[in-house]
Amino acid sequence: MTYPADLAWELALRTPASSRGEDAVDVSERERRAAFSRLVREHAAVLHGVAARLLPRAADAEDAVQETYLRAWRALDRFRHEARPRTWLFRILLNTCHDRRRRHGLRRREQGAERLQPADPARRTVRRELVDRVLDAVDELPPRQRECLLLRVHAGLEYAEIASLLGIGVGSVKTHLVSGRRTLVRRFGEELDA
């Protein structure tokens, strides 16, 4: 299924310049660059957020996102239109993060790394401590559970998109989500409701 936000991007990539004549080559290249730029702009914040949760330092996350953009641009001609462009981009990001973790021996985020700050200053200290503990607990989840949670909660992907990205069934995605959530609820219980 093609979604309206993805339509222009896919149309710009589907029509080979060679079939439109020599004058169309420049136009096609501009269309491709513009479509790719839109894709990057639309998903930049979420890509950064997911990479920041998968890698130990902000600099690692930034590097992974930049490498993702580079890999995506180089692979643009191989995009098969079987998945949504954002699903394809997230798959590249996950591969890049996994590669960086293996290559550099990275494990989890450093303690005290950048965290989300609550909007209410009066509750900042208590909320900050809870947020830090929850984020650390998410980091300690098994990799599949952590990835499913991040892609569902942070990136807002649908079950089928997550399944496609991770190469597992929708039922497995749901199982990983339930298991990860249960672990967090057992660990924090009523603190999360406060």
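The values are calculated or read from the model by the stated rules, or taken from the named source; none is laboratory data. What you are looking at is a predicted structure, and each value in this text was computed from that prediction instead of being measured. Cβ placement follows ideal geometry from the backbone for every residue including glycine, while neighbour counts extend to all protein chains displayed. Keep in mind that these areas ignore ligands, DNA and RNA; they rest on the heavy atoms of the full protein, side chains included. Shrake-Rupley method; radii C 1.70, N 1.55, O 1.52, S 1.80 Å.
Miscellaneous remarks
- Number of residues in region 29-55 that are over 28 Å from ASP139 (Cβ atoms) and either under 12 Å from the mean Cα position of the chain (by Cα) or in contact (Cβ under 8 Å) with a residue 40 or more places away in the chain (or both) equals 3.
- Test for GLU114: is it of a type in the set (Asp, Glu) and at pLDDT 80 or above: no
- Failed item in (1) modelled with pLDDT under 90; (2) in contact with a Ser or Thr (Cβ under 6 Å, 6 or more places away or on another chain); (3) not polar (S, T, N, Q), with ILE92 passing the rest: (1)
- Residue among ARG152, ARG146 that alone is free of Cβ contacts under 8 Å to residues at least 40 places away in the same chain and in a helix (DSSP H, G or I): ARG152
- Test: residue in region 166-180 that is of a type in the set (Lys, Arg), exposed (fewer than 14 other Cβ atoms within 10 Å of the Cβ) and modelled with pLDDT of 75 or more: no
- Taking region 146-165 as the range and being open to solvent by 20 Å² or more (accessible area, probe 1.4 Å) and under 24 Å from ARG80 (Cα atoms) as the test, the residues that pass are ARG152, GLY156, GLU158, TYR159, ALA160, SER164.
- Only a single item in (1) buried (at least 19 other Cβ atoms within 10 Å of the Cβ); (2) over 17 Å from VAL153 (Cα atoms); (3) of a type in the set (Phe, Trp, Tyr) is not met by PHE79, and it is number (1).
- ALA59 open to solvent by less than 60 Å² (accessible area, probe 1.4 Å) and either in contact with a Leu (Cβ under 7 Å, 6 or more places away or on another chain) or modelled with pLDDT of 85 or more (or both): no
- Test result for GLY189, without any contact (Cβ under 8 Å) to a residue 24 or more places away in the chain, over 15 Å from the mean Cα position of the chain (by Cα) and on the phi > 0 side of the Ramachandran plot: yes
- Scanning region 181-194 for residues that are open to solvent by 80 Å² or more (accessible area, probe 1.4 Å) and within 21 Å of GLY49 (Cβ to Cβ) yields one hit, ARG181.
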